[in-house]
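I have placed the structure first, in the form of structure tokens, so that the comments after it can refer back to it.
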Amino acid sequence: MSTTLTRVPPSDSVGQQPPRFMNIRQVSDYLHLNEKKIYTLASEGQIPATKVTGKWLFPRDLVDQWLIESSHGGVLLDRLIIAGSDDPLLHRAVSQVARKIQTSAIVSYSSTGTRLGLSQLARQRADVCAIHWGPAEESHMRHPALLSRHRQHSKWVLVHAFKREIGVIVTPDTRLKWQTIPELFGAGLSWSLRQDGTGSSRFMEEALSHCGMKLEQLNQVEQGLTEREIASQIAMGIAEAGPGARSTAAEFGLDFVSMGWECFDLALYRGVFFRHLFRELMQQLESPESLQQAQLLGGYDFSETGKLVWSS
């Protein structure tokens, strides 16, 4: 005798699941928040949402994930998404951590530049943001001021990664002809420059200002979205000079003219500070392997690595 199984729909007392994609009213009921608050969260990018033909839609699965992460202060064990400023040594450290953890978690690093990275951190699209914004001796004022432009900064802390030497990346032939920063600025070279909102662009603007010049006076032939992209363009002969770290120049066998030292710091949510993957990353940065790589690349100072430099 065969038996037929029939799915019994849930009773009214149990209630029905909201649709897979909720509108503002539905997500308001789902989270027990008023509709105006939901609209504000969506407009500010604080809650997972998308606009379709002018109307907000909220994927229920992503809203659940967002709620769980918010409830636990961001202490998730299976991911660490890093955005912000570009650095060769940090790329290597992330790769080493990813190699160690294999498929148990994911660590990713997207070089977006300082300001865009902080915006992604504020929208919880990233867990950590690497930043640099001017001379090392002023970072204790500049970096907190940069973070304070985001209202989420009260939930963030700032951890020092390292100091690094910043300047102009050039070919060895160019370095023989012009050996100082003022000479390079006035030599009529073809430049690859960074986009607005990056620490390298900020450093360039200030160095030019000290020489009585502006960024627009340089002969820009290309734009590099990362320091490595600028170095590759110089190595390929597309440009003759561009801003970046000494270590980035060394990676591509190029020469370097120093503009000074800067602090390279990591902004992150307090909960992420205690996340296992972040601790793994910091341990990797301080490992003998990373220190050896730093010596080969040049232009690094690890004397205060891991120091908590700011907390609101």
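The values are calculated or read from the model by the stated rules, or taken from the named source; none is laboratory data. None of these values were measured; they are calculated from a predicted model. No Cβ is skipped: glycine too gets one built from the backbone with ideal geometry, and neighbour counts run over all protein chains shown. The accessibility values were calculated without ligands, DNA or RNA, using every heavy atom of the protein model including side chains. Shrake-Rupley method; radii C 1.70, N 1.55, O 1.52, S 1.80 Å.
General observations
- The listed residue being part of a strand (DSSP E or B) and either surrounded by fewer than 16 Cβ atoms within 10 Å (Cβ to Cβ) or at pLDDT below 95 (or both), out of 76, 57: 57
- Per the listing 208, 193, the residue uniquely among the aliphatic types (A, V, I, L, M) and under 21 Å from residue 112 (Cβ atoms) is 193.
- Count of residues meeting criterion [open to solvent by 20 Å² or more (accessible area, probe 1.4 Å) and of a type in the set (Gly, Ala, Ser)] in segment 200-217: 2
- Within segment 138-166, residues that are acidic (Asp, Glu) sit with their Cβ atoms under 9 Å from residues that are at pLDDT 95 or above and part of a helix (DSSP H, G or I), at 6+ positions apart or across chains, in these pairs: 165/246; 165/247.
- Only residues that are over 22 Å from the mean Cα position of the chain (by Cα), crowded, with 24+ Cβ neighbours inside 10 Å and part of a helix (DSSP H, G or I) were counted in segment 218-253, giving 1.
- Any hit, segment 132-150, residues being open to solvent by less than 20 Å² (accessible area, probe 1.4 Å), in a strand (DSSP E or B) and under 19 Å from residue 194 (Cβ atoms): no
- Taken residue by residue, segment 192-212 has at least one member that is in contact with a helix residue (DSSP H, G or I) (Cβ under 9 Å, 6 or more places away or on another chain), assigned to a strand (DSSP E or B) and under 22 Å from residue 251 (Cβ atoms).
- Pairs where the first residue, in segment 255-282, is part of a loop (DSSP other than H, G, I, E, B) and the second is crowded, with 20+ Cβ neighbours inside 10 Å, C-beta under 7 Å, 6+ apart: 275/80
- The one condition in (1) surrounded by fewer than 19 Cβ atoms within 10 Å (Cβ to Cβ); (2) of a type in the set (A, V, I, L, M); (3) part of a helix (DSSP H, G or I) that residue 187 fails to fulfil: (3)
- Failed item, numbered, when residue 175 is tested on (1) within 18 Å of residue 223 (Cβ to Cβ); (2) at pLDDT below 95; (3) in contact with a strand residue (DSSP E or B) (Cβ under 6 Å, 6 or more places away or on another chain): (1)
- Members of segment 261-294 found to be open to solvent by 30 Å² or more (accessible area, probe 1.4 Å) and either closer than 22 Å to residue 100 by Cβ or of a type in the set (A, V, I, L, M) (or both), listed by number: 273, 274, 276, 279, 280, 283, 286, 288, 289, 291, 292, 293
- Counting the residues of segment 161-181 that are open to solvent by 10 Å² or more (accessible area, probe 1.4 Å), under 21 Å from residue 136 (Cα atoms) and not β-branched (Val, Ile, Thr) gives 2.
- Test: residue in segment 109-126 that is surrounded by 16 or more Cβ atoms within 10 Å (Cβ to Cβ), in contact (Cβ under 8 Å) with a residue 12 or more places away in the chain, more than 14 Å from the chain's Cα centre (by Cα) and assigned to a helix (DSSP H, G or I): no
- In segment 34-48, the residue that is most open to solvent (accessible area, probe 1.4 Å) out of those that are at pLDDT below 90 and in a loop (DSSP other than H, G, I, E, B) is 44.
- For the criterion of being of a type outside the set (D, E, K, R), open to solvent by less than 70 Å² (accessible area, probe 1.4 Å) and touching a Gly at 6+ places or on another chain (Cβ under 9 Å), residue 309 fails.
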